[in-house]
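Have a look at the structure below, then the notes.
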Amino acid sequence: MSQVEAGTYTEAMLLVAQIFEVIAAGVILLGLLWSAALSAAAYRRSRKGAVAYRTMRQSFGGAILLGLEILVAGDLIRTVAVEPTLDNVITLALIVLIRTFLSFSLEIEIDGVVPWRRAMVSGATVMKNAAQSGREAGNPVDSSSAGDLSHQNS
């Protein structure tokens, strides 16, 4: 690859990584707005602050998890495709380690149980379940129903 092609490739990969970062920020911002709307709807239906708070926490936690996953993808592209030096790989490993710890902590906070004690749930699934909990707020729900998180963290 010529130096001009390498420069163009590097610039393109940096742009792709930046796009991932922008998408992640957008997911988190839209997740916050969506979570606030779900929480308000849950409060209107149930008239219980605890239900609204749980809906907000679960749905926004899911948005943060999804945003973190997208940020890791952007970091991976930046490190592997742009400049795969040992220093950058070590930096990526530390970033992934920190973000994995954050994701792990958020999942425990959202679900109230360590991840290996429940089925695998992605950030998008957590957001979907929070929306379902918000819609069902105020309705009697069987706590054994699959995918229902409203009975947790009570």
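The values are calculated or read from the model by the stated rules, or taken from the named source; none is laboratory data. Just so it is clear, the structure is predicted and the values come from calculations on it, not from any experiment. Glycine gets a Cβ as well: all are built from the backbone with ideal geometry, and neighbour counts include every protein chain shown.
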Q.
Checking Pro84 against (1) of a type outside the set (A, V, I, L, M, F, W, C); (2) closer than 30 Å to Gly134 by Cβ; (3) loosely packed, with under 13 Cβ neighbours inside 10 Å, only one condition comes out false. Which one?
A. (2)
Q. Is there a residue in the stretch 99-120 that is at pLDDT below 85, of a type in the set (S, T, N, Q) and not in a helix (DSSP H, G or I)?
A. no
Q: Check whether at least one residue in the stretch 24-32 is buried (at least 18 other Cβ atoms within 10 Å of the Cβ), over 25 Å from Gly112 (Cβ atoms) and out of contact with any Pro (no Cβ under 8 Å at 6 or more places or on another chain), and report yes or no.
A: yes
Q | Unmet requirement for Ala36, which otherwise passes all of (1) free of Cβ contacts under 8 Å to residues at least 40 places away in the same chain; (2) in contact with a Leu (Cβ under 8 Å, 6 or more places away or on another chain) | A | (2)
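Condition check ((1) buried (at least 18 other Cβ atoms within 10 Å of the Cβ); (2) touching a Lys or Arg at 6+ places or on another chain (Cβ under 9 Å)) across all residues:
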site	(1), (2)
Ile19	no, no
Gly61	yes, no
Asn88	no, yes
Ala93	no, no
Leu97	no, no
(Q) Anything in the stretch 41-86 that is on the phi > 0 side of the Ramachandran plot and of a type in the set (S, T, N, Q)? List them, or say none. (A) none
Q) Taking the stretch 55-88 as the region of interest, how many residues are in contact with a Ser or Thr (Cβ under 6 Å, 6 or more places away or on another chain) and under 20 Å from Val16 (Cα atoms)? A) 3
